[in-house]
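The values are calculated or read from the model by the stated rules, or taken from the named source; none is laboratory data. Values in this document were obtained by computation on a predicted structure and should not be read as measured data. Cβ atoms come from the backbone with ideal geometry, glycine included; neighbour counts cover every protein chain shown. All accessible areas refer to the heavy atoms of the entire protein, side chains included, with ligands and DNA or RNA removed. Shrake-Rupley method; radii C 1.70, N 1.55, O 1.52, S 1.80 Å.
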There are 4 protein chains.
Amino acid sequence: MAKGNGNGNGHGHGNGKAAVAELLRSRKLRVAVVGCGYWGPKVIRAAASLPEVEIAALVDLDLDLAAKVQRHLPAARTTTSLTEALKDETIDAVVVATNPATHVELASEALEAGKHVLVEKPLALSAGDCRTLGSDARERGLTLMVGHTFRFSPPVQHVRELMRGRELGEVYYVDSQRLNLGRVRSDVDKIWNFGPHDVSIVQHWFGVQPVAVHCHAYDYLQAGVPDLAFIVLEYDFAVAHIQLSWLSPEKVRRMTVVGSRKMVVYDDVANQVMVHDAGIDREHLGRSFGEFQSFGEFRLIQRSGDMHVPRLPHVEPLQAQCQHFLDCVFTGKEPITNFEEAARVVQILEAATESRKNGGERVELREVAVSV
Amino acid sequence: MAKGNGNGNGHGHGNGKAAVAELLRSRKLRVAVVGCGYWGPKVIRAAASLPEVEIAALVDLDLDLAAKVQRHLPAARTTTSLTEALKDETIDAVVVATNPATHVELASEALEAGKHVLVEKPLALSAGDCRTLGSDARERGLTLMVGHTFRFSPPVQHVRELMRGRELGEVYYVDSQRLNLGRVRSDVDKIWNFGPHDVSIVQHWFGVQPVAVHCHAYDYLQAGVPDLAFIVLEYDFAVAHIQLSWLSPEKVRRMTVVGSRKMVVYDDVANQVMVHDAGIDREHLGRSFGEFQSFGEFRLIQRSGDMHVPRLPHVEPLQAQCQHFLDCVFTGKEPITNFEEAARVVQILEAATESRKNGGERVELREVAVSV
Amino acid sequence: MAKGNGNGNGHGHGNGKAAVAELLRSRKLRVAVVGCGYWGPKVIRAAASLPEVEIAALVDLDLDLAAKVQRHLPAARTTTSLTEALKDETIDAVVVATNPATHVELASEALEAGKHVLVEKPLALSAGDCRTLGSDARERGLTLMVGHTFRFSPPVQHVRELMRGRELGEVYYVDSQRLNLGRVRSDVDKIWNFGPHDVSIVQHWFGVQPVAVHCHAYDYLQAGVPDLAFIVLEYDFAVAHIQLSWLSPEKVRRMTVVGSRKMVVYDDVANQVMVHDAGIDREHLGRSFGEFQSFGEFRLIQRSGDMHVPRLPHVEPLQAQCQHFLDCVFTGKEPITNFEEAARVVQILEAATESRKNGGERVELREVAVSV
Amino acid sequence: MAKGNGNGNGHGHGNGKAAVAELLRSRKLRVAVVGCGYWGPKVIRAAASLPEVEIAALVDLDLDLAAKVQRHLPAARTTTSLTEALKDETIDAVVVATNPATHVELASEALEAGKHVLVEKPLALSAGDCRTLGSDARERGLTLMVGHTFRFSPPVQHVRELMRGRELGEVYYVDSQRLNLGRVRSDVDKIWNFGPHDVSIVQHWFGVQPVAVHCHAYDYLQAGVPDLAFIVLEYDFAVAHIQLSWLSPEKVRRMTVVGSRKMVVYDDVANQVMVHDAGIDREHLGRSFGEFQSFGEFRLIQRSGDMHVPRLPHVEPLQAQCQHFLDCVFTGKEPITNFEEAARVVQILEAATESRKNGGERVELREVAVSV
């Protein structure tokens, strides 16, 4: 494989690409991974488990980290620079799993070298940068994908299906808690580190951008690097509240969706979705019913019924994400977590950061309409 | 007993009061309860379990509710008006367990009639009204107490002792969730209904008023009556986040206190306090240690040690609250949940309401210093 | 009311009884309770909550215990002897909540005096005594009922319905744990104290007596009074295992029913039934399927599907039990927990005791067939 | 390395061995693994993670299984026969992870070829076979170890320390549940499959053999292959109860140790030990205390105090087991899970099987005293 021919024909690769993809399918995709610290090895393990992938190069400023990973991947070269790694023309794709501040530069370099790119979340630190990278990839006919891992999680998909099928009724609000005693980082704050997960999930569920964002955040360990944040995403029809903390005695990854007909708790630690047939029903007067309270013209009746825990397929989201990247590279199709999706998530995080700096002030999002 | 002599000598009753209290101790305290709906019967049960109490009158606009309670209290009279009940001069005290909007009027009437008064939370809907009622009671030498029930809960007291003893180190933040599928009320919103609990607990723990308040609240079931609220109390040194909801699939009553040395989870549903010896330690460079990450001049080291669940005394807070009211009436001492405490809590709820009406805008509290 | 007319016409009262029952329905049932220790007050509270009941007498050898209960029941007389209490001819029924060793004597005395009788479990310490009491009651046309409380529990009834509806498929086994840090008793061992619960539930579910019983039991605190027991009930088609302990760090009341089609966990502490669509399916060879292992002519395929928690009615079993007793007294119908049911339960406990004394030896039950 | 010199000097290798061990330390231990089905790959992963180990050969009758594992171990040869694999003289050790019925034959062949051997539990199906293998290994100066994995688990070791330090007081009983919806096997029943875990743990804790064994077991899926078992181990001073099931809706791995001073719950699924300061205290009369009940000359007082969850080291037992095997091979020291330990565990399982075949009859163990 190698360089894209840059015909830039929108969603999907050019015709020449299809032929190349066909060729590629007959051999393994050779991948360079940049960043062998905490997350890199997890991506590498997921990627290496796919028979179509060959880890060809491991890049890290700290060569010891690269060497440690290399022990289980004898075929991979180690180096401290992506430029060095890209001298190997047989490399097809680059995975960027570094400090977010370096994503744009590394992804650009890889795209320029004609490589397909998978970048860990967040794709960039501004929505503008996301779009610039995206245009670049499209022009070159290359796959550019961001690692919004939870988009590949069966519970997240199941909740979306419940919402789309109107099983939950009118959705009132989503509440998310993502708490742990953290691997505190200095290169990225809690909002940009974990926030992309919640924001991409909520966006996937609601399908539109919020109207406005509030963020209250606090820095206890390092001045200017929030380790606790409360984010409020206001939609025309609902609200999402996201609580993030690196300072918590218990690991909590729990999202609650409250609808008028049903309520759902998605516990990511237990990898379980609990669907509660519960709610408060409004009944117009005239009917007579069980336990109720009447206000004005209607009564509010509490309904607390069965609870159901559906069996979901056993899928490792990180592995499914790698597989989707492969599929996109091989077929030329657009990733579901493409640069536009990334830009929407980053736009919200930018607004949250602006709100945080102004003491939680309401920040409106300029463009609301989004194609989904 | 009967009328207070109104000598108004500040904290505690006058000398004449002591004599009367002495007298009173030899017989039962005769109590009228106003409000026999949801909460009233719970207070009545707690009060009636004390041998020093006799429920003398049950007042409710809905006489059927009063009659239902009366079945187990054959000695009590039922009536639809407090005025009517107060015609019985042998009544010593009045418990007000009605719609919050009626608290001031009913408490005033009882005080004017020379009765000691226990009012359910919130004492009033404005801090000014709390203080007016308080002055009135002091002038008359009567006990006026508000039912901040959790002040009498052993877990709440235990957490305060841990904080006061500096066991948690520097306290970073408190996070509280009070969620259930509600008995939705039209007479009071979620903030004023459940908020007094969290606010009085947090205030008890921190011992000072917050500097500013934010409140984001949403009304799904009844226009203008929030059923979901996120309240942020900002202190000079810490933050408290309070989440309240009437629309939740699970009953959650959980407060987390995160300190620099230890972290505490107080689960009110399990009636348990879990003390985690966990945190992120800052170590100045020069020392060498286990798993760490170095930022500038110091390293952040994760510490995750033992977990401890202390055995706490079995006390029913509502019963302890009734007992404390009795003690105050009998000895003339000031209730720990007096009108000043009530005013501080209500001041915060007023600020939250103001913030909510302005889309979560920051509302500063004028007077910060508070004697504790 | 008063004496039964002793026409002894089998199940149900005689015609005269019906007339008396009719009469009775127009006024309250006057009840004497013998035993005001731990369990008595619970029964009294449940009974007193029924409007058709009036607690007329409280009997306990320790008059202080009776007096303590009487505080909330001013109309009741207190005495140390049932004989004394029965001098009040207006008493209609007697509840026996004393030491099991005294049940037969007290129940006999009450029946002789023509009173309906509700006896706490176990009805007697031998199946023979159960039957003697039963004949006596039938001859006199009186209601005799034993307090197998769990027969009135919605989760227990729900599991029975699942079994009867063949929803669980072929039932393989029942496993029960009833553990706590006990109120250790010297008057009754763990087997006779808690065993009646599990045995009556299992018998209700299976509908037949076991073929044989094993019991391994151990006494740590008091010589000869087991505080730990493992009971095995062997049926032709299934097995039930019951673990009882007074020495356990956690309160556990959990029964698991494993069927070929579904499995059920009934957690009495959480008051919840969880229905798991799970099992191991046998498939005859020839078909091809997912994860399987083939043995001989068939394959075993693991099936692990959804989990369902049905909403069950909120019923207080002790109150439902009192209500059933009332219904039987008023209508003359046979209690579902009559003396025959009691005899079947006691027969199993007798066999368990015999097995325990012989080191867990298999004890066969003579008569297996039982009408249900 | 290669053949042992067979000097048979008891515990530890001969001097010649020490020299060889020294030599060996300078290069990797080359290991052949027999059995690449369910458990084999887990052992291989643990072994391969140790830098001193090289997987040299993968043996399985099903060559596809061996090939699947080999994908991640390019240096390993695959073959269907141990005899074939042993032709490679550079192999130092053999891991046997096959059907238990084949353990003796395969281990014997490996020992005869002069290889060190690690055998999965159970070492053999009779205590006699365990001892024969052990003698063989000693004579040849080779390491023979059985994979009683839980002996290397920090929670198991912690509970033993609590028992040895008398922190629990007098130990009354151990109760164990090991339940799941099984990978049902036809080559080994539930007793021999999972029983070695519980029996080796209990034996480690108590340090002596039980006096007698009962076993009640039931076969629902395959005639003659129990899938449900209740085992009772009777000691002079205590009892252990072990419940095993392949037919359970929930995965439970939970052991409770009840002592006179404290009680411990070890939950293997949560990987947690909970120490409860709880019990029933016997107090001689004369003293006055809180809640108590007096029987004869003493009172039983319930004590329910704090609960403590100690932080234990993060150790992967399977990896620690492989490391211990390496240490024994390198230093010539005796494995803590040697053939004598294996024989004691197998003796109990043999007794359980005998008891099961006789309907749960008590089976006494001939030799009780055991060196620990």
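Largest GNM mean-square fluctuation across A:300, A:181, A:221, computed for chain A with C-alpha springs under 10 Å, falls on A:300.
Chain C against chain D buries an accessible area of about 4200 Å², both chains summed, 1.4 Å probe radius. Given a 1.4 Å probe, show me the residues in the stretch B:205-226 buried by at least 30 Å² of accessible surface when comparing the whole protein assembly to the chain alone. For the stretch B:205-226, once contacts with the other chains are taken into account, B:214, B:216, B:218, B:220, B:221, B:222 lose 30 Å² or more. Between helix B:317-331 and chain B there is an angle of about 60 degrees, using the helix long axis and the longest principal axis of the Cα atoms. Bridges between two residues of the protein assembly as shown, per DSSP, are antiparallel at a rate of about 65%.
Interface residues of the stretch C:345-360, defined as those losing at least 10 Å² of solvent-accessible heavy-atom surface relative to the isolated chain (probe radius 1.4 Å), are listed as C:359. Projecting the alpha carbon convex hull of the stretch D:88-206 along each direction and taking the average yields 9.5 nm². Per residue, the accessible area of the stretch D:219-269 comes to 27 Å², computed with a 1.4 Å probe over protein heavy atoms only. Express the carbon and sulfur contribution to the solvent-accessible surface of chain D as a percent, rounded to the nearest whole number, probe 1.4 angstrom. That fraction is 49 percent. Within the listed set D:81, D:176, D:153, the residue fluctuating most in the Gaussian network model of chain D (springs between alpha-carbon atoms under 10 angstrom) is D:81. Applying the criteria of a DSSP loop state and at most 14 other Cβ atoms within 10 Å to the chymotrypsin sites (Phe, Trp or Tyr not before Pro) of the stretch A:232-266 yields A:237. Taking other residues whose beta carbon is less than 14 angstrom from the beta carbon of residue B:63, and scoring Lys, Arg as +1 and Asp, Glu as -1, yields -1.
Checking the cross-link pairs C:115/C:251; A:251/B:121; B:42/B:87; A:262/A:333; D:42/D:262 against a 30 Å limit on the alpha carbon distance flags C:115/C:251; A:251/B:121; A:262/A:333; D:42/D:262 as lying beyond it. Within chain C, the proportion of C-alpha pairs whose separation exceeds 39 Å stands at 21%. For the stretch D:23-79, the list of trypsin sites (Lys or Arg not before Pro) that fall in a loop by DSSP and count at most 10 other C-beta atoms within 10 angstrom reads D:71.
When residue B:314 is represented by a point 7 angstrom out along its Cα-to-C-beta vector, the spacings to that point in the other copies are 2.3, 4.0, 4.4 nm, nearest first. One way to sum up the overall shape of the protein assembly as shown is the equivalent ellipsoid from its Cα gyration tensor, whose semi-axes run 58, 49, 30 Å, largest first.
Label point of residue D:50 (7 Å along Cα→beta-carbon): distances to the other copies' equivalent points are 3.5, 6.9, 7.0 nm, sorted ascending. Among the residues of the stretch D:239-270, those with an accessible-area drop of 30 Å² or more from chain alone to full protein complex, heavy atoms and 1.4 Å probe, are D:239, D:241, D:243, D:247, D:249, D:250, D:263.
Nearest 10 degrees is fine. How inclined is helix B:127-140 to the longest principal axis of chain B, computing both from alpha carbons? Taking Cα atoms only, the helix is inclined about 50 degrees. Shown for residue B:303: label points 7 Å from Cα along the beta-carbon vector, and their distances to the equivalent points in the other copies, 3.0, 5.2, 5.4 nm in ascending order. Between 0 and 90 degrees, the angle of helix C:103-112 with respect to the longest Cα principal axis of chain C falls at about 50 degrees.
Quantify how much of the Cα-Cα distance distribution of the stretch C:146-206 extends past 20 Å, in percent.
Roughly 36 percent, rounded to a whole number.
For residue B:262, the accessible area of its heavy atoms, probed at 1.4 Å with every protein chain present, is near 40 square angstrom. For residue B:98, the residues whose amide H sits under 5 Å from its own are B:120, ignoring neighbours fewer than 5 places away on the same chain, with H placed 1.01 Å from N. Given a 1.4 Å probe, how much area per residue of the stretch A:99-187 is accessible, in Å²? Heavy-atom SASA per residue in the stretch A:99-187 reads 31 Å². Averaged per residue, the stretch B:301-360 has 38 square angstrom of accessible surface, using a 1.4 angstrom probe with ligands and nucleic acids left out.
Shown are A:129, D:92, whose ranking by accessible area with a 1.4 Å probe and every protein chain present, most to least, is A:129, D:92. Dividing the convex hull volume of the alpha-carbon atoms in the stretch B:175-229 by its residue count gives 93 Å³ per residue.
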